[in-house]
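Computed from the coordinates by the stated procedures, all read-outs in this text should not be read as laboratory data. Note that the structure is predicted; figures quoted are calculated from it, not measured. Cβ placement follows ideal geometry from the backbone for every residue including glycine, while neighbour counts extend to all protein chains displayed.
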Amino acid sequence: MEITPEQKQDIDKNKDVAAMGYLWIMSVVVLYARKDSPFIQYHARQGLWLFLVSIPVWLIPGIGKYLEFFILAGMIIGFINAAQGNYHDIPIVGQLAKGSLTLHEIWKKVVGAIGNAFGVFKKGVKKPDDNKNVDN
């Protein structure tokens, strides 16, 4: 992606504020307070999605606290990229922020993966066929 001089100036001027867009609720503040900067908007949207995903993850008993590590990793990666002045999509979240992926599509993929996992599990615990004779 070729960066124009205007974009370079926007990045240099706003990379610190864009990085703050990854600090949970600050993403909302940054997103609505700085609508004039495409660089800030890019990173604040990703930060907002990470924040929104973290809320239901907190409510998942047991595994939720482990899933939160993935969200925290995304926030750290995004924070570093914004502070360095880079446009970089966080996996899945970047596509959500751009609108090229929807929650419905993610849900379908997750349900499909779970269905496949159960199919593999069922094949693995299948009863041995009683008609087979071991003595042959």
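Sequentially through region 36-43, phi angles give Karplus couplings (6.51, -1.76, 1.60; θ = phi - 60°) of 7, 10, x, 5, 5, 4, 4, 6 Hz, Gly and Pro residues having no value and appearing as x. Mean separation of Cα pairs under 8 Å and 6 or more residues apart, divided by the residue count, gives region 36-103 a relative contact order of 37 percent. Each Lys and Arg contributes +1 and each Asp and Glu -1, all at the Cβ; summed about the Cα centre of region 5-88, the dipole is approximately 80 debye.
Of (1) 124; (2) 169; (3) 105, which one was derived for volume of the Cα convex hull per residue in Å³ from the structure shown? From the options (1) 124; (2) 169; (3) 105, the structure gives (2).
Ellipsoid fit via the Cα gyration tensor, region 4-61: semi-axes of 26, 9, 8 Å, each the root of five times an eigenvalue, largest first. Using θ = phi - 60° in the Karplus curve 6.51 cos²θ - 1.76 cosθ + 1.60, the 3J(HN,Hα) couplings for region 77-84 round to 4, x, 4, 5, 4, 5, 5, 8 Hz; x is entered for Gly and Pro. Annotation: extensible slack from ASN116 through ILE60 equals 17.9 nm (criterion: 0.36 nm per residue apart, minus Cα-Cα distance). Packing order of peptides 58-71, 111-124, 88-101, highest average first: 88-101, 58-71, 111-124 (average count of other Cβ atoms within 10 Å over each peptide's residues). Computed from phi, the 3J(HN,Hα) profile of region 27-35 under the Karplus parametrisation 6.51, -1.76, 1.60 (θ = phi - 60°) reads 4, 5, 4, 5, 4, 8, 7, 10, 6 Hz, with x in place of Gly and Pro.
The simple spin-label model puts a point 7 Å past each Cα toward its Cβ; for SER100 and LYS13 those points are separated by 2.8 nm.
Putting +1 on Lys and Arg Cβ atoms and -1 on Asp and Glu Cβ atoms, find which of GLY78, LEU48, THR102 reaches farthest to the positive end of the dipole of region 1-120. Ranked along the dipole, the leading option is THR102. Taking label points 7 Å from Cα along the Cα-to-Cβ direction, ILE76 and LEU23 give a separation of 1.8 nm.
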